[in-house]
Amino acid sequence: MRVVFFSTQSYDRSSFVDANRRHGHDLVFLEPRLSAETSSLAAGFRGVCAFVNDRIDSAVAEALARQGTALIALRSAGFNHVDLVATERSGLTVVRVPAYSPHAVAEHTVALILALNRRIHRAYSRVREGNFALEGLLGFDLHGRTVGVVGTGRIGTVVVGIIRGFGCHVLAMDPVRGPECEAAGATYVSFPELIGQSDVITLHCPLLRDTYHLIDSDAVGRMKRGVMLINTSRGGLVDTRAVIAGLKSGAIGYLGLDVYEEEGDLFFQDLSTRVIQDDVFARLLTFPNVIITGHQAFFTAEAVRNIAETTLENISAFERGERTGNEVTRSA
Ligand code: NAD
């Protein structure tokens, strides 16, 4: 199939070219993000491959369908950037990569927890400047602390397993209980109980209408003072302004983010010579107890390889008229 890829980087091109040796599709890689302004670049392509910050709203869906696209292959697990009502109305099939390495995201989550706790980001800069003072670097034993895991699907379950290895108590919250998490010793509680009792709160649920701004000023107000909050899931789960207020007051003691609600204009590009126009994001960067990574939690060799393989298999199966179970529908 002729497939046009939006928002590509060099690592996308190499992993897809490599995996495509087994599929033989005609792949064209573009750097721009998919939007109403760029959708005309997909004219004549039956397949469109999109990433997390490509916006597939109704204007884009209609344009793609009009131009002959039949399949949108997401090279991501999340699909909150797709208007599924619009794609369905336009007759577009949407497929995704539901699992490529839950370990990649779970391990990055734990990396943020450890780095924030032991202030590795500050120690790294100090030592390079010949400053070996420990003042301000005091951490805490994770052993015996309570970690709240919101969403115990594929990634949350791996997080529970790793965190239990540190000797932490784990509180979990998910509308669907995970037997593996319970067997590992996690205790399922309500959301208010989880946020009220946890020393560390980590988010692993999808961004849906009912999880948008799950962490708002009310939630921040119910947390233990000095709590550590980690979000490697989707930016929209956290009301950034509420969290900034929490950081300023000391209600939040540590913040680790791999995702940000307005990340579309920032992440996956080198803006180091430009002035950041997003004042909310710029404020976040000023806190000594905040670590932000630019949506890199998924980024391991294993995950990148699996993303390419599953995406191309999704495309091949669509061409053969077969279903893979990776189709995204409104009820997914
Ligand atoms: P998953 O579908 O396996 O698990 C999500 C879990 O969240 C499910 O068990 C579901 O029941 C639960 N859930 C749904 N609504 C909830 C709610 N209101 N409160 C608590 N739990 C709720 O998904 P996954 O593979 O574990 O991925 C989790 C999220 O991680 C994805 O939705 C995606 O947004 C994000 N993600 C981020 C990266 C990254 O690079 N930062 C990479 C992959 C995935």
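The values are calculated or read from the model by the stated rules, or taken from the named source; none is laboratory data. Computed from a prediction, not measured in an experiment: that's the story for all the values here. So basically every Cβ, Gly included, is an ideal-geometry build from the backbone, and we count neighbours across all protein chains shown. These area figures cover heavy atoms from the full protein model, side chains too; ligands, DNA and RNA do not enter into them. Shrake-Rupley method; radii C 1.70, N 1.55, O 1.52, S 1.80 Å.
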Under a Cβ-Cβ cut-off of 13 Å, what is the net charge of the residues other than residue 136 that fall near it, where Lys and Arg count +1 and Asp and Glu count -1? +3
Would you mind getting the accessible area per residue of the chain, heavy atoms of the protein chains only, 1.4 Å probe, in Å²? 47 Å²
Please give the length that would be gained between residue 279 and residue 319 if that part of the chain were fully extended, namely 0.36 nm times their separation in residues minus their C-alpha to C-alpha distance (nm, one decimal). 9.8 nm
Within region 242-332, GluC sites (Glu not before Pro) in DSSP loop having at most 12 other beta-carbon neighbours inside 10 Å: 322
Could you tell me what percent of the accessible area of the chain is made up of carbon and sulfur, with a 1.4 Å probe and every protein chain present? 51 percent
If R₀ is 41 angstrom, what is the calculated FRET efficiency for the pair residue 189 and residue 269, using the beta carbon separation as r and rounding to 0.05? 0.55
If each residue of separation counts as 0.36 nm, what is the full-extension length gain between residue 31 and residue 286 once their alpha-carbon separation is subtracted? 88.8 nm
Using the Karplus curve 6.51 cos²θ - 1.76 cosθ + 1.60 with θ = phi - 60°, work out ³J(HN,Hα) for each residue of region 54-60 in order, rounded to whole Hz, and write x for Gly and Pro. 7, 9, 10, 8, 5, 5, 5
Residue by residue through region 213-226, which ³J(HN,Hα) values in whole Hz follow from phi under the Karplus form 6.51 cos²θ - 1.76 cosθ + 1.60 (θ = phi - 60°), with glycine and proline marked x? 6, 4, 9, 10, 5, 5, 5, 4, x, 8, 7, 4, 4, x
Sorted by mean Cβ packing within 10 Å, highest first, what order do the peptides 130-141, 206-217, 51-62 take? 51-62, 206-217, 130-141
Out of 284, 229, 203, any idea which swings most in a Gaussian network model of the chain, alpha carbons joined below 10 Å? 284
State the extension gain, in nm to one decimal, for the chain segment bounded by residue 166 and residue 208, taking 0.36 nm per residue of separation less the distance between their alpha-carbons. 12.0 nm
Over the chain: helical MRE at 222 nm, DSSP H runs n ≥ 4 each giving -39500 (n - 2.57), nearest 500: -10000 deg cm²/dmol
